[in-house]
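**Student:** One structure coming up, written as structure tokens, with questions to follow.
The values are calculated or read from the model by the stated rules, or taken from the named source; none is laboratory data. Quick caveat: nothing in here was measured; it's all calculated off a predicted structure. Cβ placement follows ideal geometry from the backbone for every residue including glycine, while neighbour counts extend to all protein chains displayed.
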Amino acid sequence: MGYLAGRGIADITGEIAECGLLGYGLPEQQAAGLHTRLRARAFALADGERRMLLVICDLPLVFSSVTQAVLRRLPAVYTEANVVISATHTHCGPGGYSHHAVYNGTTGGFRPQTFRAIVDGIVEAARRAIADLRPATLRLNRGELHDASVNRSRRAFERNPSADKAAFPDAVDPATTLLTIERDGLPVALIDWFAVHNTSMTNRNRLVSADNKGYAAYHWEREVSGFDYLAEDAEPALVTAFAQTNAGDMSPNLNLRPGSGPTEDEFENTRIIGTRQYEAAAKLLAGRENAEVLDGGLDHRLVHVDMADVRVSPRFSGDGLPHRTSHAVPGATAFAGALPDGPTGWRFVHPEINPFLDTVSRDGIYRLARRLRETQAPKTLAAPISLLNRIVPFGQEILPIQLLRIGSLYLLCLPFEVTIVAGLRLRRTVAEASGTDPDHVIVMGYANAYGHYVTTPEEYDAQMYEGASTLFGRWQLPALQQNAARLATAMREGRQIAPGRAAPDLSARHRRQPTPPRADGRPPTVDIGEELSFAWDEKTLAVEFAAVHPFHDPRRGGTYYEIQRREGLYWHRIADDGDWSTRMRWTRLPSPHDTTLSKVRIEWRVPPETPRGRYRLVYRGDTGQVAFEARSREFDLGAGEEL
């Protein structure tokens, strides 16, 4: 009968001011403007009565809070088993959208506005994709990309057996895999998987940004294909998603320093690493006539696993003995952060040795708690999540493990950050159980929920950042292999399996929320929206306005500002806050206690191909009571003077 396929895209940008950015864990990294908008890209598939939905989001993480809320609003045929929602893992997206306290620690609590923007946007993209279902051909091809990642935990990687390391001679996973959706011989949608952290933007950045994977998608959709994200009822020529796979130890910072490599400019690095991913995928697209045409229908399985209590069979343990996982406990070095991408704000820990905590764990806790010693040693224990969960939902321990099949392509969807050798073992496990080749299996991380990292037991023993963040202990990867084999075997045999008890839905629980900003006040001597400064040099425009707090209206699906060009009697938008060439910085100003005073600085770096003409900048705001529009003075591009 053949496949039906549809695609959809929608804005999921949340709060861009005075909301903690999620990823680096720095309390001082509070949002103060917008670099690029965040988007959800959805891909609906159908084969007869079978349905599947893949959603790739420009988000730091996906939590069960989001997955559960989205599923409640989709048609009943779309369930937790056949829908996967995954994150690109930008570290510069607004946080506060989890129902677990550990992830809201830098945001002042739960942020309903950001949560609503994310859920509404994902649902919008999904519904567009479902409504877009049409007959399609699916093609799969593979290549390699060698200059867009580096192993940030080489010491841990080197502990792995030679047979595993031989698969990665440069200690990176260079595989780039492209799924192309065609209609009438033309590509209309693409999903590219490549393992690299979305951390070209550093923890010094305070602008909301989709980072390198977001740029790769934007570049293809907007700069190459010409899609206008804001045009009403516009049909995108191409929807492109750059998805994550086993990126746990893969950094884009090629010099192994935050914001360093290929250049010393984090914005330029974001563009370059994104461009390299785009170019590798475009090369695969150009050769799609030689790609594998997928057929064989759709299939899916899902199981909820209590990762705190998995009995691991000797078949998967690697040492021929049975083992168990334990309750989630991060190690001390997890709080130091992954140094090549950026340290965290936790100053009480060292990234290598912590004598006091080492002694407490070795001579105290492990002597008294045999189960912890057998499962967590040699980790230096730092925070017992299970005990904290008795006070408030702190971290999730029941997590979904999902296996999707699209023809001969298998997607193992995990709520973890998986290192490349751990990913290799998982792919081999699924391949063996399903009777396919490991090249036909992709580990799709950051999916449906979040449970931190997965390393091999050998990497775990090094207790670098990734091993310390493998919460459920040394045997966590074998536990996942065991469940992956269970799903793949059931799929091969055509058997259904019971999904088990899911993590509780915490949406009705009361959660601490930050106090909304006070009403906007009028700055002295000027009106809200009045131009405060103007600078133009034929290459860069910078305009400052007396502003309002962006909290009042995140303008999801819209824009805070436009660059407009005059054509005859009318002004037409040529760029906005979703474009790479623009940035907006928001600043709070000193004010009386009962008001909020602020300004925005909007910058436009003129692309070389921009036509000559008369231009202006339009800024839009909302006081919470009144919406307004402000305009800059007009200026000429190509005339060498302002007007």
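**Student:** Looking at (1) hydroxyl-bearing (S, T, Y); (2) out of contact with any Asp or Glu (no Cβ under 8 Å at 6 or more places or on another chain); (3) buried (at least 24 other Cβ atoms within 10 Å of the Cβ); (4) assigned to a loop (DSSP other than H, G, I, E, B), which is the only condition S86 fails?
**Tutor:** Condition not satisfied by S86: (4).
**Student:** Being touching a strand residue (DSSP E or B) at 6+ places or on another chain (Cβ under 6 Å) and of a type in the set (D, E) is the filter; apply it to the stretch 285-340 and report the residue that is surrounded by the most Cβ atoms within 10 Å (Cβ to Cβ).
**Tutor:** Step by step, filter the stretch 285-340, then rank; the result is D299.
Matching residues to (1) farther than 15 Å from Q244 by Cα; (2) in the same structural domain as H89 (by TED's automatic domain parsing); (3) touching a residue at least 24 places away in the same chain (Cβ under 8 Å); (4) under 20 Å from the mean Cα position of the chain (by Cα):
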position: L372; (1), (2), (3), (4): yes, no, yes, no
position: A383; (1), (2), (3), (4): yes, no, yes, no
position: I391; (1), (2), (3), (4): yes, no, no, no
position: I401; (1), (2), (3), (4): yes, yes, yes, yes
position: V418; (1), (2), (3), (4): no, yes, yes, yes
position: L426; (1), (2), (3), (4): yes, yes, yes, no
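**Student:** To continue, here is another question. If you check T587 against the conditions, is it modelled with pLDDT of 95 or more and in a loop (DSSP other than H, G, I, E, B)?
**Tutor:** Criteria not met by T587.
**Student:** Being touching a residue at least 60 places away in the same chain (Cβ under 8 Å), of a type in the set (G, A, S) and part of a strand (DSSP E or B) is true for just one of G557, G621. Which residue is that?
**Tutor:** G621
Residue-by-condition table, conditions (1) out of contact with any helix residue (DSSP H, G or I) (no Cβ under 9 Å at 6 or more places or on another chain); (2) under 22 Å from A447 (Cα atoms); (3) at pLDDT below 95:
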site: V224; (1), (2), (3): no, no, no
site: P236; (1), (2), (3): no, no, yes
site: S251; (1), (2), (3): yes, yes, no
site: G259; (1), (2), (3): no, no, no
site: A280; (1), (2), (3): yes, no, no
site: L284; (1), (2), (3): yes, no, no
site: R288; (1), (2), (3): yes, no, yes
site: V293; (1), (2), (3): yes, no, no
site: L298; (1), (2), (3): yes, yes, no
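**Student:** For the stretch 195-208, indicate whether the set of residues that are assigned by TED's automatic domain parsing to the domain that holds I406, at pLDDT 95 or above and touching a Phe, Trp or Tyr at 6+ places or on another chain (Cβ under 7 Å) is non-empty.
**Tutor:** Taking every residue of the stretch 195-208 in turn, at least one turns out to be assigned by TED's automatic domain parsing to the domain that holds I406, at pLDDT 95 or above and touching a Phe, Trp or Tyr at 6+ places or on another chain (Cβ under 7 Å).
**Student:** Go over the candidates A17, A31, A42 one by one and state the one that is under 18 Å from the mean Cα position of the chain (by Cα) and within 17 Å of R585 (Cβ to Cβ).
**Tutor:** The unique qualifying residue is A31.
**Student:** On the given criteria, is N205 within 21 Å of C92 (Cβ to Cβ), touching a residue at least 12 places away in the same chain (Cβ under 8 Å), touching a helix residue (DSSP H, G or I) at 6+ places or on another chain (Cβ under 6 Å) and among the polar types (S, T, N, Q)?
**Tutor:** Here the answer is no, as N205 does not meet what is asked.
**Student:** Has the stretch 36-56 got at least one residue that is assigned by TED's automatic domain parsing to the domain that holds V239 and without any contact (Cβ under 8 Å) to a residue 60 or more places away in the chain?
**Tutor:** Within the stretch 36-56 (the criterion being assigned by TED's automatic domain parsing to the domain that holds V239 and without any contact (Cβ under 8 Å) to a residue 60 or more places away in the chain), the answer is yes, since at least one residue qualifies.
**Student:** Separate question: Given the criterion modelled with pLDDT of 85 or more, within 33 Å of the chain's Cα centre (by Cα) and among the hydroxyl-bearing types (S, T, Y), identify the matching residue among T325, T344.
**Tutor:** T325
**Student:** In addition: Failed condition for H593, given (1) out of contact with any Leu (no Cβ under 7 Å at 6 or more places or on another chain); (2) surrounded by 15 or more Cβ atoms within 10 Å (Cβ to Cβ), with all others met?
**Tutor:** (2)
**Student:** Here is a follow-up. Scan the stretch 594-618 residue by residue and report those that are in contact (Cβ under 8 Å) with a residue 40 or more places away in the chain and in a loop (DSSP other than H, G, I, E, B).
**Tutor:** Correct list: D594, T595, V606, P611.
**Student:** Related question: I'd like the full set of residues that are within 15 Å of T470 (Cβ to Cβ) and part of a loop (DSSP other than H, G, I, E, B), limited to the stretch 368-395.
**Tutor:** Hits for the stretch 368-395 are A377, P378, K379, T380, A382, A383, G395.
**Student:** Further, regarding this structure: Being free of Cβ contacts under 8 Å to residues at least 12 places away in the same chain and hydrophobic (A, V, I, L, M, F, W, C) is the filter here; which residues of the stretch 183-202 pass it?
**Tutor:** The one that is free of Cβ contacts under 8 Å to residues at least 12 places away in the same chain and hydrophobic (A, V, I, L, M, F, W, C): L186.
**Student:** Does the stretch 516-527 contain any residue that is without any contact (Cβ under 8 Å) to a residue 24 or more places away in the chain and of a type in the set (S, T, Y)?
**Tutor:** Checked against the condition, which is being without any contact (Cβ under 8 Å) to a residue 24 or more places away in the chain and of a type in the set (S, T, Y), the stretch 516-527 yields at least one hit.
**Student:** If a residue has to be in contact with a Ser or Thr (Cβ under 8 Å, 6 or more places away or on another chain) and assigned to a loop (DSSP other than H, G, I, E, B) to count, how many in the stretch 455-494 make the cut?
**Tutor:** 9
**Student:** May I pose another question? For P590, which of the numbered conditions (1) closer than 21 Å to G33 by Cβ; (2) touching a residue at least 12 places away in the same chain (Cβ under 8 Å) fails to hold?
**Tutor:** (2)
**Student:** All but one of (1) closer than 30 Å to G20 by Cβ; (2) surrounded by fewer than 24 Cβ atoms within 10 Å (Cβ to Cβ) hold for N448, so report the exception by its number.
**Tutor:** Looking at each condition in turn, N448 falls short on (2).
**Student:** Determine if the stretch 370-379 includes at least one residue that is more than 23 Å from H323 (Cβ to Cβ) and either buried (at least 18 other Cβ atoms within 10 Å of the Cβ) or at pLDDT below 95 (or both).
**Tutor:** Looking for residues that are more than 23 Å from H323 (Cβ to Cβ) and either buried (at least 18 other Cβ atoms within 10 Å of the Cβ) or at pLDDT below 95 (or both), one finds none in the stretch 370-379, hence no.
**Student:** Also: Can you go through R486, R565, R555 and tell me which one is assigned by TED's automatic domain parsing to the domain that holds D299 and of a type in the set (K, R)?
**Tutor:** Answer to the check: R486.
**Student:** Only one of (1) more than 20 Å from the chain's Cα centre (by Cα); (2) over 19 Å from D341 (Cβ atoms); (3) touching a residue at least 12 places away in the same chain (Cβ under 8 Å) fails for H219. Which number is that?
**Tutor:** Status for H219: all satisfied but (1).
**Student:** Among the residues of the stretch 162-211, what is the count of those that are under 30 Å from R585 (Cβ atoms), over 14 Å from the mean Cα position of the chain (by Cα) and not polar (S, T, N, Q)?
**Tutor:** Residues flagged as under 30 Å from R585 (Cβ atoms), over 14 Å from the mean Cα position of the chain (by Cα) and not polar (S, T, N, Q) within the stretch 162-211 amount to 3.
**Student:** Now for a different question. Give the stretch 486-533 a look and list any residue that's acidic (D, E), exposed (fewer than 13 other Cβ atoms within 10 Å of the Cβ) and either modelled with pLDDT of 95 or more or more than 30 Å from E629 (Cα to Cα) (or both), or say none.
**Tutor:** E493
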